[in-house]
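First comes the structure, then the notes that go with it.
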Amino acid sequence: MARIAIVTGGSRGIGAAISRRLQDMGVTVVANYAGNEDKAKAFEGETGIRTYKWDVGDFDACQAAFAQITEEVGPVDILVNNAGITRDATLMRMTYDMWDEVMRVNLGGCFNMAKAVFPGMKDRGWGRIVNIGSVNGQSGQYGQVNYAAAKSGIHGFTKALAAEGARAGITVNAVCPGYIATDMVKAIDEKVLNERIIPLIPVGRLGEPEEIARVVVFLASDDAGFITGSTISANG
Ligand code: NDP
């Protein structure tokens, strides 16, 4: 039987590329999204991948969505914690809500979704969890104490959960993208992007979502069974 994957934030950007690649591998994919119905429905129409709307930062919503997916699609073998947001400002200007929302979605979402899928993976003796970090969680970034802290937290989360899953056939890894050409990066001021960000990327360009998706599907495959607790950077 085909394996089943949940990709959070799987309807556009990097997540959409991951959903498509997993589907190409023969996996039955469910793509989550937060509220952009138009993009989600267009994606579903193009790919036939089912989309489900819920907020990954909401623990109860994750439990409910997981139960619904298990009922409607089947047991979940692969989880890609990809959903993420930015609420950039310097510490001086950042409100508590900006801090809290990014921590709740980017880091809390990983906990909420892992809590849902982990017991079933353990019972079946096989599972793959791939968490999407960020180069800015590795190096820090001006105006992103919230985002850098949440993404950096994903590394500790990944290593600790990898230890818990290892004997049960569950691998837990992180992929850290550099700057990738998606809506998130298009929201950055063009001058800042061209003068301050791209010149610092050694290959001299933004990455493509597919360049992250290829790493994720490898980690989600049987071939990667001896890799756990690792962080793979794909940042040019
Ligand atoms: P996009 O902004 O293009 O897409 C974000 C996706 O996440 C959308 O599908 C969105 O749903 C979903 N989402 C946002 N908030 C929630 C939520 N609370 N609950 C459920 N789904 C949610 O992002 P990218 O594709 O650029 O980024 C994907 C991941 O990669 C993120 O974790 C990001 O931090 C990380 N990353 C991105 C980099 C980049 O350069 N783009 C660099 C490094 C890391 P909807 O469409 O409904 O809004």
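Things to note:
- Accessible area of Leu200 in the full protein assembly, 1.4 Å probe (Å², nearest 10): 140
- The range 72-144: C-alpha gyration tensor shape, a/c 1.5 cut-off, then a/b vs b/c: prolate
- What a 1.4 Å probe finds exposed on the chain is 53% carbon and sulfur by accessible area, rounded to a whole percent.
- Under-5 Å amide H pairs with Thr231, H placed in peptide plane, nonlocal only: Ala174
- Cα-based helix-to-principal-axis angle, 37-47 vs the chain, degrees rounded to 10: 60
- The accessible-area ordering, largest first, of the residues Ile129, Ile85 stands as Ile85, Ile129, per a 1.4 angstrom probe.
- Computed about the Cα centre, the dipole magnitude for the chain is approximately 440 debye when only Lys and Arg (+1) and Asp and Glu (-1) carry charge, each at its Cβ.
- All aspartates and glutamates inside 12 Å of Lys122 as judged from Cα atoms, apart from same-chain residues fewer than 8 positions distant: Asp77, Glu164
- Heavy-atom accessible area order for Val73, Val172, largest first, 1.4 Å probe: Val73, Val172
- Vicinal HN-Hα couplings computed from phi for the range 151-157 (Karplus, 6.51 cos²θ - 1.76 cosθ + 1.60; Hz; Gly/Pro x): 5, 5, x, 4, 5, x, 4
- Cα gyration tensor shape of the range 1-66, rounded if a/c is under 1.5, else prolate or oblate by comparing a/b with b/c: oblate
- The range 176-189 - phi-based ³J(HN,Hα) in whole Hz, Karplus 6.51/-1.76/1.60, Gly and Pro as x: 10, x, x, 6, 10, 6, 10, 4, 4, 7, 5, 6, 6, 3
- Percent breakdown of C-alpha pair distances by 10 Å bin, ordered from the shortest bin, for the range 137-211: 16, 39, 29, 13, 3
- Only lysines eight or more places from Lys151 in sequence, or on another chain, were considered; those with a Cα closer than 20 Å are Lys115, Lys159, Lys186.
- Averaged over its residues, the chain has an accessible area of 47 Å² per residue, based on protein heavy atoms and a 1.4 Å probe.
- For the range 6-138: rounded, prolate or oblate by the Cα gyration tensor [a/c cutoff 1.5]: prolate
- Residue-level accessible surface for Phe66, protein heavy atoms, 1.4 Å, Å²: 40
- Relative contact order %, the chain, counting alpha carbon pairs below 8 Å whose residues are six or more apart: 20
- The chain: calculated mean residue ellipticity at 222 nm from DSSP helix runs of at least 4, using -39500 (n - 2.57): -13000 deg cm²/dmol
The values are calculated or read from the model by the stated rules, or taken from the named source; none is laboratory data. In this text the structure is predicted, and so the values were computed from the model without any measurement. In this analysis, Cβ positions are derived from the backbone assuming ideal geometry, glycine residues included, and neighbour counts consider all displayed protein chains. To get the accessible areas, we keep the full protein, side chains included, count just its heavy atoms, and leave off ligands, DNA and RNA. Shrake-Rupley method; radii C 1.70, N 1.55, O 1.52, S 1.80 Å.
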